[in-house]
Amino acid sequence: MSHLLTPADCCLHIIDPQERLMAQIHEASRVCATLCQLTACAKILELPVIANTQYKKGLGVYVTELEELVQGIPRPDKVEFNALANAETLALVKALPKSVNTLILAGVETHICIYQTALAALEMGLTPWVVADGVSSRSLRNHELGLARLAAAGAVVGPAEMIIYQLLGRAGTPEFKAMLPHIV
């Protein structure tokens with residue numbers, strides 16, 4: 001992708017940060033903090049947000065710190081590892097405004113659901129922007145290999161602050177001031 005992100009271009013897609021799964025994730029607290037930061041940014045900038053769960057009956061609800069932030073956000077439960085193979089999720093993506101060409105992907109696991117969803121996004125003509133500090137796996141090795149494969153496949157990989165500051169565009173705006181408590 002050769003252009004800066006704008007709020008009109010993007011949808012935040014949160015994948016599977018559920019209690020039982022996150023208990024096994026490498027650096028889960030970092031991932032949770034980043035997910036909260038991204039969700040706050042999406043709300044402030046009025047980005048569309050889609051949030052999936054993976055087999056909620058077995059893996060539970062979202063982690064406590066994120067659960068309140070995602071109230072009112074569509075949260076299809078899936079059994080597919082590729083979130084876009086889930087009919088309800090795919091319908092939500094297809095219903096996004098035509099200006100949306102980028103899915104900001106965050107959640108778990110890097111080498112499974114994030115990877116497969118990113119590849120599907122590419123196949124749909126969307127740019128997957130994988131939040132490097134907002135994704136992880138049960139093992140550091142699988143996380144690192146997942147990020148490497150994602151970049152090699154054509155996904156954009158970068159940290160949350162890179163995305164947030166691109167979306168904000170400039171300091172001094174009401175949105176920037178509202179976001180300050182989440183980035184300082």
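The values are calculated or read from the model by the stated rules, or taken from the named source; none is laboratory data. What you are looking at is a predicted structure, and each value in this text was computed from that prediction instead of being measured. No Cβ is skipped: glycine too gets one built from the backbone with ideal geometry, and neighbour counts run over all protein chains shown.
Could you please let me know if residue 72 is crowded, with 17+ Cβ neighbours inside 10 Å, small (Gly, Ala, Ser) and either out of contact with any helix residue (DSSP H, G or I) (no Cβ under 9 Å at 6 or more places or on another chain) or not in a helix (DSSP H, G or I) (or both)?
Here the answer is no, as residue 72 does not meet what is asked.
Of the numbered conditions (1) closer than 17 Å to residue 16 by Cα; (2) more than 14 Å from the chain's Cα centre (by Cα); (3) not β-branched (Val, Ile, Thr), residue 101 fails exactly one; give the number of that condition.
The one condition residue 101 does not meet is (1).
Can you list the helices (runs of 4 or more DSSP H) lying wholly within the range 99-184 that have 3 or more residues being within 16 Å of residue 81 (Cα to Cα), among the aromatic types (Phe, Trp, Tyr) and modelled with pLDDT of 95 or more?
Of the helices (runs of 4 or more DSSP H) lying wholly inside the range 99-184, none has at least 3 residues that are within 16 Å of residue 81 (Cα to Cα), among the aromatic types (Phe, Trp, Tyr) and modelled with pLDDT of 95 or more.
Count, please, the residues in the range 148-160 that happen to be closer than 15 Å to residue 104 by Cβ and surrounded by 14 or more Cβ atoms within 10 Å (Cβ to Cβ).
6
List the residue pairs whose Cβ atoms are under 8 Å apart, where the first residue sits in the range 24-52 and is within 15 Å of residue 71 (Cα to Cα), the second is at pLDDT 95 or above and of a type in the set (S, T, N, Q), and the two are 6 or more positions apart or on different chains.
Between residues of the range 24-52 that are within 15 Å of residue 71 (Cα to Cα) and residues that are at pLDDT 95 or above and of a type in the set (S, T, N, Q), the close pairs are 49/39; 50/89; 52/86; 52/89.
Does the range 48-86 hold any residues that are over 29 Å from residue 6 (Cα atoms) and acidic (Asp, Glu), and which are they?
80
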